[in-house]
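Colleague: Pasting in a structure now, in structure tokens, and then I'll have a few things to ask.
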Amino acid sequence: MISRYAWLIAAAAATGCATMGNGQSEPPIYEQGSGKICVDRNLAQFVGRQATSELGAEILRVSGAGTLRWVPKDGAITMDLREDRVNVWLDGANRVERVNCG
């Protein structure tokens with residue numbers, strides 16, 4: 001009897017992990033950390049500039065961060081802190097209000 005229940009539990013666990021409810025595979029787990037560390041200096045120079053992909057690349061280069069997060073006006077974000085991320089806070093006209101690491 002024990003082996004029958006063990007088999008049922010194993011089968012149920014395997015099918016539950018294989019797909020999500022809609023038949024799609026589970027999304028990959030995001031691995032945090034790019035190996036780079038954001039340095040929060042010389043970032044004030046970007047305040048007032050229009051948000052563009054070129055500006056984002058420049059902010060990444062100056063900060064040394066591995067990840068850039070645009071934060072739109074009144075946007076909701078997670079409160080987790082990451083040493084490899086730079087945050088760019090935007091106003092309603094998509095101009096940079098502030099830039100910080102985290």
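Colleague: Can you list the strands (runs of 3 or more DSSP E) found entirely within segment 39-102 that contain at least 3 residues being free of Cβ contacts under 8 Å to residues at least 24 places away in the same chain?
Modeller: Details: elements: 67-71, 85-90, 96-101.
Hits in segment 39-102: 67-71.
Colleague: On the given criteria, is Leu43 at pLDDT 95 or above, more than 18 Å from the chain's Cα centre (by Cα) and under 13 Å from Asn100 (Cβ atoms)? It would help to see each step written out before you state the result.
Modeller: Numbers: at pLDDT 95 or above: yes; more than 18 Å from the chain's Cα centre (by Cα): yes; under 13 Å from Asn100 (Cβ atoms): yes.
Criteria met by Leu43.
Colleague: Right, something else. If only one of Ala65, Ala57 is under 19 Å from Cys101 (Cα atoms), modelled with pLDDT of 95 or more and surrounded by fewer than 14 Cβ atoms within 10 Å (Cβ to Cβ), which one is it?
Modeller: On the way: Ala65 fails: surrounded by fewer than 14 Cβ atoms within 10 Å (Cβ to Cβ).
Selected residue: Ala57, the only one of Ala65, Ala57 that is under 19 Å from Cys101 (Cα atoms), modelled with pLDDT of 95 or more and surrounded by fewer than 14 Cβ atoms within 10 Å (Cβ to Cβ).
Colleague: I would also like to ask the following. Residue by residue through segment 72-98, note down the ones that are within 16 Å of the chain's Cα centre (by Cα), of a type in the set (A, V, I, L, M) and buried (at least 16 other Cβ atoms within 10 Å of the Cβ). Give the steps one after another, and end with the answer.
Modeller: Filtering segment 72-98 down to residues within 16 Å of the chain's Cα centre (by Cα) leaves 72, 75-89.
Retained after the next criterion (residues that are of a type in the set (A, V, I, L, M)): 76-77, 79, 81, 86, 88.
Result: Val86, Val88.
Colleague: Please go through (1) surrounded by 11 or more Cβ atoms within 10 Å (Cβ to Cβ); (2) of a type in the set (Val, Ile, Thr); (3) at pLDDT 95 or above for Thr52 and return the number of the only condition it doesn't satisfy.
Modeller: Going through the list (1) surrounded by 11 or more Cβ atoms within 10 Å (Cβ to Cβ); (2) of a type in the set (Val, Ile, Thr); (3) at pLDDT 95 or above, Thr52 breaks only (1).
The values are calculated or read from the model by the stated rules, or taken from the named source; none is laboratory data. Remember, predicted model here, so these are calculated numbers, not experimental data. Please note: Cβ atoms are built from the backbone with ideal geometry, for glycine as well, and neighbour counts cover all protein chains shown.
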